[in-house]
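Quick notes on the structure that follows.
The values are calculated or read from the model by the stated rules, or taken from the named source; none is laboratory data. Keep in mind that this is a model prediction, so the values were computed, not measured. Quick reminder, even Gly has a Cβ in these numbers, built from the backbone with ideal geometry, and neighbours come from all protein chains shown.
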Amino acid sequence: MAVKRLGKQTVRLESAPAVAAGACVVGKKEGEGPLRKWFDYISEDSYFGQKSWEKAESVMLNKCFALCCDKAKLVPSDLDYIFAGDLLNQCIGSTFAARDIPVPYWGVYGACSTMAETLSLAAMVIDGGFADCACAMTSSHFCSAERQFRLPLEYGGQRTPTAQWTVTGAGALILAAHGDGPRVTHVTTGTIRDAGVTDANNMGAAMAPAAYMTLRAHFEDTGRTPADYDAIITGDLGEVGHAILTDLFLKDGVDLGPCSTDCGLLIYARRGQDVHAGGSGCGCSASVLCGHVLQRMTCGDWPRVLFAATGALMSPTSSLQGESIPGICHAVALEMNGGEGNC
């Protein structure tokens with residue numbers, strides 16, 4: 001433990017598991033955004049051929065998983081574990097997506113931080129020698145999330161300027177003990193931070209303190225600085241949360257610099273697509289990581305990336321009871337060997 005542990009929250013993965021393949025599936029609105037060319041599949045049908053939004057989300061995630069296996073040239077039975085989760089009660093999106101897949105399954109809930117959490121767990125299981133190959137995946141759907149956490153779509157309520165648009169999307173990564181893809185070298189597990197925000201339409205403000213604490217812990221534990229990364233990508237703080245995060249670091253005298261961005265800022269053209277403060281949802285950071293970020297890494301644009309997904313750990317019950325919204329952030333360092341590419 002002393003060899004792998006760095007400080008209080010970070011571990012260094014000695015074997016540095018490699019990304020064998022990544023895949024992302026999104027809906028029509030996401031396909032109309034600036035990252036269109038990096039998505040593997042764009043559905044014109046928000047229902048994905050199903051009769052409910054929840055079933056649509058499961059089908060979307062299952063399709064993403066199948067695409068990822070195809071790209072890795074694996075069959076599902078080659079996997080040792082699947083780590084998956086989503087925003088719905090009891091994680092039914094991922095549970096029903098994986099119910100016919102004969103692979104040991106870990107259900108994970110981290111709200112919008114789920115992609116970083118599943119990726120962290122899959123990497124640590126491989127590094128610990130408990131698996132050779134594992135899949136990390138997650139999803140969200142605008143309509144299923146709105147129905148659960150806010151108001152039915154038929155209500156037609158006015159969205160506040162701080163509100164974010166839940167991404168209809170899914171992302172999956174397959175990690176292997178060996179390979180030439182980006183490697184997971186460090187994992188910084190977050191602590192829960194509660195800023196006292198009670199407004200479910202202001203997720204960025206609720207999650208920004210957690211992102212700040214996790215990134216600060218990562219830099220302290222590893223001895224690295226923002227300048228050591230080609231990109232520091234949070235998700236999904238959106239416009240409001242990203243500004244708060246930047247200000248918190250500036251108060252420490254630390255400039256995250258131009259390499260710092262957020263999945264919620266990248267996935268949509270915020271003004272043209274009328275998404276207010278940007279994107280959110282498990283599928284936001286997942287689809288951006290498994291498409292745009294992964295390809296920017298493999299072509300050499302971003303040889304070293306710090307991916308820090310954030311989550312608002314709320315539920316409909318806690319919101320109705322007037323509870324504040326606790327935040328969490330998990331950070332994963334991904335690095336290419338040598339960092340040279342052809343782009």
| How many of the residues making up the range 154-196 are hydroxyl-bearing (Ser, Thr, Tyr) and closer than 29 Å to ALA56 by Cβ? | 5
| request: Considering each residue of the range 86-108, count those that are closer than 15 Å to SER144 by Cβ and surrounded by fewer than 23 Cβ atoms within 10 Å (Cβ to Cβ), and give that number. | output: 6
| request: Return the total of residues in the range 184-213 being surrounded by 22 or more Cβ atoms within 10 Å (Cβ to Cβ), more than 22 Å from GLU239 (Cα to Cα) and either among the acidic types (Asp, Glu) or out of contact with any His (no Cβ under 8 Å at 6 or more places or on another chain) (or both). | output: 1
| Where in the range 149-261 are the strands (runs of 3 or more DSSP E), entirely inside, with at least 2 residues that are within 30 Å of ALA16 (Cβ to Cβ), free of Cβ contacts under 8 Å to residues at least 40 places away in the same chain and of a type in the set (A, V, I, L, M, F, W, C)? | none
| said: If PHE96 meets every condition in (1) over 15 Å from the mean Cα position of the chain (by Cα); (2) under 23 Å from LYS4 (Cα atoms) apart from one, which number is that one? | reply: (2)
| said: Being of a type in the set (A, V, I, L, M), under 22 Å from ASP127 (Cβ atoms) and either crowded, with 16+ Cβ neighbours inside 10 Å or at pLDDT 95 or above (or both) is the requirement here; does ALA172 meet it? | reply: yes
| field | Some residue of the range 289-301 being crowded, with 23+ Cβ neighbours inside 10 Å, aliphatic (A, V, I, L, M), out of contact with any Cys (no Cβ under 8 Å at 6 or more places or on another chain) and closer than 23 Å to MET213 by Cβ | value | yes
